[in-house]
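A short reminder: the numbers here are calculations on the coordinates, not readings from a lab. Remember, predicted model here, so these are calculated numbers, not experimental data. Cβ placement follows ideal geometry from the backbone for every residue including glycine, while neighbour counts extend to all protein chains displayed.
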């Protein structure tokens, strides 16, 4: 019997951390509470998203970390209470239901102050986390690169500094994930603020080193004259599926919120020969906490510096317009103009989920947009519309890159090699004497070196 118990402990000790976290979560009965403030009786948020859709999204967030959601509860408020966010009557009603259902965790789809969180925990007799805490937990589970893990931990520490920390896992395990549920061997004590601050200072130093390394990688990429095309969009809009379709890569692509957290980049060749660097990014979401936008700015640098942005939208979703507004708001926060048609292409994804009438309507809407700002209707899953998308990408790249026509003398292999290494050869005509006439597209940073080396080249208008 003792040997059997010993074997069980040994098996538990050898389990991967993710598996342990999933088991903890699946055994945690949770309520997801959507406390939404009605204005003049209208059940819509500032982006015209229905409260029912917001609550569905919150349930999806909870499912992303495998919580067992017993029931989603929508609470419509006429005013917010400073002490508990909810009114006393609703707090008492929920406390009774939580006791009967043996709920271990309540997720509040709002931003709670530390006082409100503590008061609700006392009233409910269980752990309470808000939307920010839940998103941090998801980020902690999803981050895979060193930078992603450090960014999550820094944001989580910053969030927890002002809160009662009963079971702080990062100090022990050096990564995110289930800070709210606790882990093996953790004690229910409040974390020492000085220890947290020291850890934050160390992470900031480590992040600077990681950022320098990423900057070197970006600098080396810039020496390869490939335009950067970045996928951005609301979480679960299908960015990773589209990335896989365009690159034939095997990036995690699941029907799950925040399936992708760390940036992935691949060099691909477009149909007319142009090579691009395609980058997948973390999905955006409504009410993304400001500290997370700041913490993940480094992972969004590919988007910030991209020549072309593909704003991927799930047009089959009932709240596609509100989701688009959220993405555009975050892009503006990052210093990107989402209305810049020369740089941003709207990709209307999941056409396979539309019926024929709705597909025809979407195509008609797209056709009525100005050609330079026309959205592209695609299905990343089936491949529908991908050829139109690649043509649109090529057209946008052509707008931002100068094209020169030049002639090379017979046998000038050195110049030809330089052009291949530093530009993109669009056309080539071979003369009978071995000379060449070339049309070359250049990245802006190579134009000076090109004109110095080939002063006789003529720029095309």
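Let me know the shape class of the range 402-459, please: from the alpha-carbon gyration tensor, a ≥ b ≥ c as square roots of the eigenvalues, rounded when a/c is under 1.5, otherwise prolate if a/b is greater than b/c, or oblate.
prolate
Given 0.36 nm per residue, what is the gain on full extension from residue 206 to residue 275 after removing their alpha carbon distance, in nm?
Value of the extension gain: 21.5 nm.
What FRET efficiency comes out for the pair residue 193/residue 111, r = Cβ-Cβ distance, R0 = 25 Å, nearest 0.05?
The computed FRET efficiency comes out at 0.70.
At 7 Å along the Cα-to-beta-carbon direction for both residue 417 and residue 121, put a label point, then send me their distance in nm to one decimal.
Those two pseudo-labels are separated by 6.6 nm.
Would you mind calculating the gained length between residue 371 and residue 388 on full extension (0.36 nm times residue separation, minus the Cα-Cα distance), in nm to one decimal?
Full extension from residue 371 to residue 388 adds 4.9 nm.
Can you tell me how the range 331-405 classifies by the Cα gyration tensor, rounded, prolate or oblate, using a/c under 1.5 as the rounded cut?
Prolate, because a/c is 1.5 or more and a/b exceeds b/c.
For the ranges 227-237, 315-325, 83-93, what's the packing order if you count other beta-carbon atoms within 10 Å of each residue, average per peptide, and put the highest first?
Put in order of decreasing packing, that is 227-237, 315-325, 83-93.
Which value in nm describes the separation of the simple spin-label points at residue 439 and residue 52, placed 7 Å from the Cα toward the beta carbon?
It works out to 5.4 nm between the two label points.
Measure off 7 Å from each Cα along the Cα-to-Cβ vector at residue 429 and residue 407, then give the distance between these two points in nanometres to one decimal.
For residue 429 paired with residue 407, the spin-label model returns 1.0 nm.
Quick one: compute a quarter of the convex hull surface over the Cα atoms of the range 14-136 and quote it in nm².
With the hull built on Cα positions only, its mean projection is 7.9 nm².
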